[in-house]
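The values are calculated or read from the model by the stated rules, or taken from the named source; none is laboratory data. Just so we're clear, the structure is a prediction, and the values are computed from it rather than from any experiment. Quick reminder, even Gly has a Cβ in these numbers, built from the backbone with ideal geometry, and neighbours come from all protein chains shown.
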Amino acid sequence: MPTAPTYPTIRTEIAGASVAKLASEFGTPTFVYDAAVIARRMADLAAFDVVRYAVKACSNLAVLDRIRRLGGLVDTVSAFEIRRAMAAGYAARGTPPPIVFTADVFDAASLDLVVREGVHVNCGSPDMIDQYGRLASGRAITLRINPGFGHGHSRKTNTGGDQSKHGIWHAELGACLARAKKHGLDVTGLHMHIGSGADMDHLAQVCQAMERAALEAGPGIHSVSAGGGLPIPYQSGESYVDLAAYHALWDATRKRLEQSFGHAVRLEVEPGRYLVAECGYLVTEIRAVKRQGDRLFYLVDAGFNNLARPILYGAYHPMSIVPGDGNANRPEHDVIVGGPLCESGDVFTQEEGGYVVPRRLPEAAVGELLVIECAGAYGAAMGSNYNSKPMAAEVLLLDGRARLVRRRQTFEELIQAESIPG
Ligand code: LLP
């Protein structure tokens, strides 16, 4: 288990690369990903038979390529996520399936693609079973089960229980197995994902729920997936989940199932955040420093169009200042950090509910850089063009070199799908 991190409030480099140089070469705002961190996090999970990366966390092709080279498989949620995975070198089919499509609904494009390419489907609703079964009789599927409880870092990331739209309700399992059978679909595995940023107690409860469900489904089950949701420490002093204990719980569950079924049961885990949150740094430039009454504001050139987690969930991200003069001994102030968008919620230092919370940060001036850290998961991937801001550049630090893996969007790209009726 990695040791609990301490996040600095002054930073001059990211994995040996000068932040100032990165900013002058690639501009700001730019996401910088440290490939070595992804490799370490993949290695942490090596005890699981399959580490299946949730592409939604950061879907940049270069990141998918890193995960693939490290032996990770992928979980996808849309037709274009499947196509991204294929563009990054994943085969559509294989054993275990390189790409899984997990969803609660098919749109026309995703149904067409999984049928055509033979991508494995993990059904999260009875209707998905019917819609797939009508077109793909004879194939294997897995079922995503909602165990009746869930947990997340925010209500909005809890994906279990009766308030959640996700998964097949646990009491419907029998009916769904019958439905699959009727269509000639073979249910070969079960999956549960109770939420994002869950804690160990809740994650552990999933094992028991999975065991019950798998025993009900019987020996046709050859794989179980623990889902994702592994938290990471976003604040100094917070620690990691005990992964050895987590794996041991799941391994014991899997072994009991193997005993009962008389054959091997593959154990999968499906993290997004755990693999990519800590590798990512959002490098911004301070463009205004101003006082509003007693409050001090640093306004940077990134907004919630780049990183929506604070405005959506009141999420906390570590921040650091890059001293332009190299002076690391600066007085600290309570600062509110905001972005350029024309919306008052465009503040990176807020709690859930929109309450602004100042952050203790070193004194800084206009033109200096501010780095928003642990921004690799659900950062660029949730980016938008709000206020007609271009999607940020993305840079991968790999083997001591900084490589541009997504260039900043241009104005022409921003408007290219639009037209004015003649
Ligand atoms: N598997 C499934 C079926 C999921 O729905 C998700 C996340 C994951 C795996 C990966 O969860 P993770 O290991 O990253 O917690 N935008 C939110 C998180 C939403 C997660 C949605 N599903 C955030 O920024 O915290």
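General observations
- When segment 172-220 is filtered for residues that are of a type in the set (A, V, I, L, M), within 27 Å of residue 275 (Cα to Cα) and not in a helix (DSSP H, G or I), the ones remaining, listed by number, are 190, 192, 194, 198.
- Residue in segment 259-267 that is assigned to a helix (DSSP H, G or I), among the hydroxyl-bearing types (Ser, Thr, Tyr) and modelled with pLDDT of 95 or more present: yes
- Within segment 35-90, the set of residues being of a type in the set (Gly, Ala, Ser), in a helix (DSSP H, G or I) and away from the ligand (no atom under 16 Å from the Cβ) comprises 35, 36, 39, 43, 62, 79, 87.
- Pairs are defined by a Cβ separation below 7 Å, a sequence spacing of at least 6 or placement on different chains, a first member in segment 220-241 that is in contact (Cβ under 8 Å) with a residue 60 or more places away in the chain, and a second member that is more than 14 Å from the ligand (Cβ to nearest atom) and charged (D, E, K, R); the pairs so defined are 223/266.
- Close pairs from segment 70-92: first touching a residue at least 60 places away in the same chain (Cβ under 8 Å), partner small (Gly, Ala, Ser), Cβ under 7 Å, at least 6 apart: 75/54
- Selection count, segment 132-171, where residues are in a helix (DSSP H, G or I) and aliphatic (A, V, I, L, M): 3
- Where a residue in segment 340-361 is assigned to a loop (DSSP other than H, G, I, E, B) and its partner, wherever it lies, is loosely packed, with under 14 Cβ neighbours inside 10 Å and among the aliphatic types (A, V, I, L, M), with Cβ under 8 Å and at least six apart: 349/357
- Filter result for residue 365 (outside any strand (DSSP E or B), within 19 Å of residue 17 (Cα to Cα), of a type in the set (A, V, I, L, M) and away from the ligand (no atom under 12 Å from the Cβ)): no
- Going through (1) closer than 21 Å to residue 313 by Cα; (2) modelled with pLDDT of 95 or more; (3) surrounded by 11 or more Cβ atoms within 10 Å (Cβ to Cβ) one by one, residue 360 falls short only on (3).
- Here 44, 34 are screened, and the one residue that is in contact (Cβ under 8 Å) with a residue 60 or more places away in the chain, under 19 Å from residue 226 (Cβ atoms) and either buried (at least 24 other Cβ atoms within 10 Å of the Cβ) or among the acidic types (Asp, Glu) (or both) is 44.
- Tallying residues that are within 16 Å of the ligand (Cβ to nearest atom) and out of contact with any helix residue (DSSP H, G or I) (no Cβ under 8 Å at 6 or more places or on another chain) within segment 212-256 yields 8.
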